[in-house]
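Values quoted throughout were computed directly from the atomic coordinates according to the rules given, and no laboratory measurement underlies them. Only a predicted model underlies this, so the values are computations on that prediction, with no experimental measurement involved. Positions of Cβ are generated from backbone atoms using ideal geometry, with glycine treated the same way; all protein chains shown enter the neighbour counts.
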Amino acid sequence: MIAPPPCSYRYGLATAALASAVVAGLLGQRLWEVSRRMKRAEELQQREASLLSEAQRLAGVGSWVWNPATDEVSWSDEMFRIYRRNPERGAARYKEAEKLYPPDAWGMIDAAVEKTFTEGVPYQLDCAMVREDGSMGWVVSRGEAVKDASGRIICLRGTVQDITERKQTEDALRDSEDKFRSAFAKAAIGMAMTDMEGRYVEANDAYSLITGYSREELTAVTFHEIVHPDDLESNLATMKRLMAGEITDFVMQNRYLRRSGTVVWVRKSVSLVRDQLGSPRRIIALIEDVTVRKRIEDEICLLNEELEQRVQIRTEELEAANKELEAFSYTVSHDLRAPLRAVDGFSKALLEDCGESLSEDGRHYISVIRKGARNMGALIDDLLTFSRLSRLPLQKRTIETNRLVHDVLSELGAHEEAQTELRIADLPPCEGDPALLKQVWLNLLANALKYSRDRSPSVIEVGATQKNEDEAWVYHVRDNGAGFDMRYAPKLFGVFQRLHRADEYEGTGVGLAIVQRVIHRHGGRIWAEAQVDKGATFYFTLTS
Amino acid sequence: MTNVEPVEILLVEDNPEDLELTIRALRKAQLANHIQVTRDGAEALEFMFGEGRYAGRDINDLPKLILLDLKLPMVDGLEVLQRIKADPRTAAIPTVVLTSSKEQNDVVASYRLGVNSYIVKPVEFEGFAKAVQDLGLYWLLLNQPPKIEK
């Protein structure tokens, strides 16, 4: 019986490889024994062979024995599976084995085998293989010399382990690590890793650029020295929550002190790396320089504040002006009318009490005085109405236009006028302030009656049209009266603007200004078409 | 049984011209008996409640109608109105605000305080006289005031 050769494996390898090597070594020895005792213990050998084959298949390790003198080779079953060689063809002889490797790998194997055969030194090689179906794979090939009792090398034996899968995983891992490394190094975002005391373990160039510390200098400082003192407390408080596991990561905007002492605003996201037992081991921080963004944000903030202040001041000024206007019109309303009442009232008293003793001219003068007082009264009333329109808030509700127009015409006594022909179409309801819209209809219809009063018959036409269903209704008031020259149309809606002489048609020149203001306050439009002596038509819209 | 009650109007008016015109209009309508004139809000209240210049006046001798201007020196018309309408002794007296003001605020405030009528004095005398005469007639002759529990 041949004693097993001394083992001289390199043990610094993965456990799996070691185990398979041990298995393989034992197997080799067994095979040799079996081959020697073949005749004596054929049954035993066959049983053991099948057990060994099964063990090899599970371990993914094949074994071989080769006698260089006779070029006799024997392969275990797993060998055929690894090289995808048909077992019927038998084990590959040495010469044939060359085809199972790429040329450079075979070169290494050939040299190692030579050395083992001549010097008895075992070998182990990681190398590529070419399977019989042409596909590539990776194997760990080991070999050693078998000596007889006198120490003479009588054959070689070894194992082949298929490591293709592991190799692929390793490659993929390396690829991904390379990618990560390069991404880390070249990222525009600053990245750093510190230990739990805040000492820098790693940092990339962007991090150096933002903080102003080179990567070497960073190893000499801690995170606590870089965070602005005013922001450190909130930082540490959040870190505490992170370490306690209350949060898995956080994002905050704070200041860092650069190496030069200047301040930089950074937006950072921080997370933890824990070890397998769950204890925090590393802090990972990604930082972005937001100084410029922060400055712009602050500026916008400041501008907004200023704007708000300015709006506030303007609003107060406006409110004050409005109050003043209100007080003014209140005074006008009370105090300007009282003297007029006195002028008119006492003129009338004079006429009543002393009329007999006055001449015809005297009585005429009194009537002129009274007319003047009344005109001024009307002007004051119209002006007050006009100013009130801008001050009071709109009280909008649905208005039955048909009814409103009917009421206004009654108020104006239009129904009783024998020579007035009213053509009133069915009018759609609208949304608006009832008091203000009544004023609109009152002014427009009073105008129509006034300017057509010398016609026989005077024809007043009221209607409404709508182009499309989703468009606003256009109301119109048409008369066949005096009309006006369209050249003066732009003046029509101005305050105190009149297109007729007062001795032809009385008026203050405020009525249409009031109408326009009401329509505009309702979001509507107003315009007019007219021809001298043919009549005028006023159109207006109301957003419903 | 005689149902003729003495006509008595409290006229609160500071403007001498308006005062004269109002009295003239009331006189023309034969409503000028027993007109009590006060020239500001404070005087009006003193009259109503027998205080100050009117201390000792029998305050059960109440006017049948109060014509009240709004814009008055010292105590303005709205305050006078508020005091009269808040006091159960005087709350039932018909009170008519007679003013130049067309301001919506005044109208709303007056009605909120319980005014019985609100008349805007027109500029032209005919309208003014008619308004004064109508409301005088209505409140003094046609409207039967509720009996006040003494």
Legend entry - Burial ordering of A:M376, A:M252, fewest other beta-carbon atoms within 10 Å first: A:M252, A:M376
Legend entry - Label-point separation, A:H520 to B:R89 (7 Å along Cα→Cβ), nm: 5.6
Inset, instruction - Using +1 at the Cβ of each Lys and Arg and -1 at the Cβ of each Asp and Glu in chain A, identify which of A:W32, A:G345, A:W441 lies farthest towards the dipole's positive end. - result: A:W32
Legend entry - Largest to smallest principal axis extent of the C-alpha atoms in region B:9-141, angstrom: 39, 33, 26
Inset, instruction - Return P(r) of the protein assembly as shown (all Cα-Cα pairs; 10 Å bins starting at 0; whole %; ordered from short to long distances). - result: 2, 10, 12, 10, 8, 7, 6, 6, 6, 6, 5, 6, 6, 5, 3, 1, 0, 0
Legend entry - 19 Å Cα-Cα reach of A:K323 towards lysines, excluding residues that sit fewer than 8 places from it in its own chain: B:K71, B:K102
Legend entry - Cβ-based exposure ranking for A:E421, A:E114, in which fewest neighbours within 10 Å come first: A:E114, A:E421
Inset, instruction - Give me the net charge of A:K167's neighbourhood, meaning all other residues with Cβ under 11 Å from the Cβ of A:K167; Lys, Arg count +1, Asp, Glu -1. - result: -3
Legend entry - At R0 = 41 Å, FRET efficiency that the Cβ-Cβ distance of B:M74 and A:T543 yields, to 0.05: 0.25
Legend entry - Total formal charge among the other residues, if their Cβ is under 12 angstrom from that of A:L422, Lys/Arg +1 and Asp/Glu -1: -3
Inset, instruction - With label points built 7 Å along Cα→Cβ from the Cα atoms of A:L394 and A:T118, find their separation and express it in nm. - result: 11.0
Legend entry - Cut-off 10 Å between beta-carbons: net charge of the residues surrounding A:G212, Lys and Arg +1, Asp and Glu -1: +1
Legend entry - Relative contact order of region A:394-541, defined on C-alpha pairs under 8 angstrom at six or more residues apart (%): 23
Inset, instruction - Could you work out how far helix A:434-451 tilts from the main Cα principal axis of chain A, as a 0 to 90 degree angle to the nearest 10? - result: 50
Inset, instruction - Report the residues of region B:123-139 in range of a label on A:L358: point 7 Å along Cα→C-beta, backbone N strictly under 20 Å from it. - result: B:123-130
Inset, instruction - At 0.36 nm per residue, minus the direct Cα-Cα distance, what do A:D454 and A:R89 gain on full extension? Give it in nm, one decimal, please. - result: 118.3 nm
Legend entry - Residues B:I84, A:I109, A:I154, sorted so that the one with the fewest Cβ neighbours within 10 Å comes first: A:I154, A:I109, B:I84
Inset, instruction - With r as the distance between the Cβ atoms of A:S269 and A:D126 and R0 = 41 Å, compute the FRET efficiency 1/(1 + (r/R0)^6) and round to 0.05. - result: 0.50
Inset, instruction - Subtract the Cα-Cα distance of A:E165 and A:W527 from 0.36 nm times their separation in residues, and report this length gain in nm to one decimal. - result: 121.5 nm
Inset, instruction - Find the centroid of the Cα atoms in region B:57-91 and in region A:468-544, then give the distance between the two in whole Å. - result: 47
Inset, instruction - Enumerate the amide H contacts of A:G481 below 5 Å, restricted to partners 5 or more residues apart or on another chain; note that Pro and chain-start residues carry no placed amide H. - result: A:G535, A:A536
Inset, instruction - Over 18 Å between C-alpha atoms is what I'm after, so list which of A:K371/B:K28; A:K396/A:K438; A:K467/A:K534; A:K348/B:K28 land there. - result: A:K371/B:K28; A:K467/A:K534
Inset, instruction - Let me know the charge dipole size of the protein assembly as shown about its Cα centre in debye, to the nearest 20, where only the beta-carbon of Lys, Arg (+1) and Asp, Glu (-1) is charged. - result: 2380
Legend entry - Cα centroid separation - region A:140-164 against region A:258-308, whole Å: 63
Inset, instruction - In nm, give the distance between the simple-model label positions of A:A49 and A:E305, each being 7 Å from the Cα along the Cα-to-Cβ direction. - result: 9.4
